[in-house]
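Engineer: Before I ask anything, let me first share the structure, which is written out below as structure tokens.
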Amino acid sequence: MTEAKHTITKQWQILNGTTIKIIAMVLMVLDHIHQMYAADGAPLWLTMLGRPVFPLFLFIAADSFFYTKNRVAYMKRLLLASWGMTVLTALLSILLPNPDVVLMNNAFSTFFVAGVYVQAWDWLVRGIQERKLTLIVKSLVAGLLPILCAAPLLVVGGLTINAQIPFVLIRILAFVSLLLPSIMTVEGGPIMVLLGVLFYVFRKRRVLQIFILLLISGAVFILNRGGIQWLMCGAAIPMLLYNGEKGAGRKQLFYIFYPAHIVLLYVCATIFPI
């Protein structure tokens, strides 16, 4: 990753991409332990420690998206993983219901939508630089798609007020709608998508990336009147320590670990509550 030069003192840069992923995965497990066992009294500090997880994965994903040799394959992998998580969480909720846990975990959908906007950004920049209208149009269309994908859910919402429509049909339509990654329904919402895109746009400006993280964290604190989501600003520390190197890689690790630990924790919380 020779292109990603940052103005951070070399001696601080002790973390590579793989190390940051592992740190984020450990914090993610703590966060999801709270999610699954909150009704049983799991302490709030577990999920507080997990707030930096999403920004850290988005930070590393920004570099990954830039350096991947095949963006189409990368996006297909994220989309398939998103569909898989939607199906998996739906099946778990049906086969092993737990009224204390709402399974809406699908970070893959957020990464996918962020990737769509990153590609739209690249097309827009190239279109302006090369004065190619086709690229600008492609950028605009790509930017509209994640918004239009929210339309089916709005339709489902309208159908719920009609008592003549079977509830089973509404649930099926809602499930199908969730297979369409939308900026309004992805985990973390539009803020995380925006953060992922800005991390990509300013990937060569580490200090600016951190400033954006802190700025958005502050806005979240003000808009939510406190809460804990603003603690995602803690991601700034590993970002400062990132040396720009990929590390061991282990590309498939997150794709396997993420759904696996969700399933394990959910099953344990349902069968063996504290």
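The values are calculated or read from the model by the stated rules, or taken from the named source; none is laboratory data. Because the structure is predicted, anything quoted here is derived from the model rather than measured. Cβ: placed from backbone, ideal geometry, glycine included. Neighbour counts: every protein chain shown. We work out accessible area using only protein heavy atoms, side chains counted, and drop any ligands, DNA or RNA first. Shrake-Rupley method; radii C 1.70, N 1.55, O 1.52, S 1.80 Å.
Yes/no per residue for (1) in contact with a helix residue (DSSP H, G or I) (Cβ under 7 Å, 6 or more places away or on another chain); (2) at pLDDT 95 or above; (3) among the charged types (D, E, K, R):
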site: LEU91; (1), (2), (3): no, no, no
site: ASN105; (1), (2), (3): yes, no, no
site: THR110; (1), (2), (3): yes, yes, no
site: GLN119; (1), (2), (3): yes, yes, no
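Engineer: Could I ask something else about it? Which one is farthest from LEU46 (Cα to Cα), of the residues in the stretch 239-257 that are among the aromatic types (Phe, Trp, Tyr) and open to solvent by 40 Å² or more (accessible area, probe 1.4 Å)?
Structural biologist: The residue in question is TYR255.
Engineer: Can you pull out the residues in the stretch 43-66 that are more than 15 Å from the chain's Cα centre (by Cα), at pLDDT 95 or above and either among the hydrophobic types (A, V, I, L, M, F, W, C) or in a helix (DSSP H, G or I) (or both)?
Structural biologist: The answer is LEU44, TRP45, LEU46, THR47, MET48, LEU49.
Engineer: Kindly establish whether PHE108 is touching a residue at least 24 places away in the same chain (Cβ under 8 Å) and aromatic (Phe, Trp, Tyr).
Structural biologist: Yes.
Engineer: Please verify whether ARG250 is touching a residue at least 12 places away in the same chain (Cβ under 8 Å), part of a loop (DSSP other than H, G, I, E, B) and on the phi > 0 side of the Ramachandran plot, treating the condition exactly as stated.
Structural biologist: yes
Engineer: A further question on this structure: From the list ALA260, ALA236, which one is crowded, with 17+ Cβ neighbours inside 10 Å, in a helix (DSSP H, G or I), of a type in the set (Gly, Ala, Ser) and out of contact with any Phe, Trp or Tyr (no Cβ under 8 Å at 6 or more places or on another chain)?
Structural biologist: ALA236
Engineer: Cβ-Cβ below 6 Å, separation at least six or inter-chain, first residue in the stretch 162-190 and within 21 Å of LEU91 (Cβ to Cβ), second of a type in the set (Phe, Trp, Tyr) and modelled with pLDDT of 80 or more: which pairs?
Structural biologist: Here the result reads LEU179/TRP83; PRO181/PHE112, each pair linking the stretch 162-190 to a residue that is of a type in the set (Phe, Trp, Tyr) and modelled with pLDDT of 80 or more.
Engineer: So, of the residues in the stretch 35-56 that are in contact with a Ser or Thr (Cβ under 9 Å, 6 or more places away or on another chain) and open to solvent by less than 20 Å² (accessible area, probe 1.4 Å), which turns out to be nearest to VAL113 (Cα to Cα)?
Structural biologist: Ranking the qualifying residues of the stretch 35-56, first place goes to PRO55.
Engineer: Still on this structure, please answer the following. Looking at (1) basic (Lys, Arg); (2) touching a helix residue (DSSP H, G or I) at 6+ places or on another chain (Cβ under 9 Å); (3) outside any helix (DSSP H, G or I), can you tell me which one LYS69 breaks?
Structural biologist: Evaluating LYS69 over (1) basic (Lys, Arg); (2) touching a helix residue (DSSP H, G or I) at 6+ places or on another chain (Cβ under 9 Å); (3) outside any helix (DSSP H, G or I) leaves (2) as the failure.
Engineer: If the requirement is being open to solvent by less than 70 Å² (accessible area, probe 1.4 Å), without any contact (Cβ under 8 Å) to a residue 24 or more places away in the chain and in a helix (DSSP H, G or I), which of these qualifies: ALA269, ALA219?
Structural biologist: Values: ALA269 fails: without any contact (Cβ under 8 Å) to a residue 24 or more places away in the chain.
When all the criteria are applied, what remains is ALA219.
Residues checked against (1) within 30 Å of ALA174 (Cβ to Cβ); (2) touching an Asp or Glu at 6+ places or on another chain (Cβ under 9 Å):
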site: ASP63; (1), (2): no, no
site: ALA81; (1), (2): yes, no
site: PRO99; (1), (2): yes, no
site: MET104; (1), (2): yes, yes
site: ALA120; (1), (2): yes, no
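Engineer: Check ILE183, ILE172, ILE136 and return the single one that is closer than 27 Å to LEU80 by Cβ, of a type outside the set (Lys, Arg) and modelled with pLDDT of 90 or more.
Structural biologist: The match here is ILE183.
Engineer: When residues of the stretch 57-87 are filtered for being without any contact (Cβ under 8 Å) to a residue 24 or more places away in the chain and either buried (at least 20 other Cβ atoms within 10 Å of the Cβ) or not basic (Lys, Arg) (or both), how many remain? Talk me through it step by step, then tell me what you get.
Structural biologist: Taking the stretch 57-87 and keeping what is without any contact (Cβ under 8 Å) to a residue 24 or more places away in the chain, we get 68-70, 72-73, 76, 80, 87.
When the remaining residues are screened for being either buried (at least 20 other Cβ atoms within 10 Å of the Cβ) or not basic (Lys, Arg) (or both), the result is 68, 70, 72-73, 80, 87.
Qualifying residue count for the region: 6.
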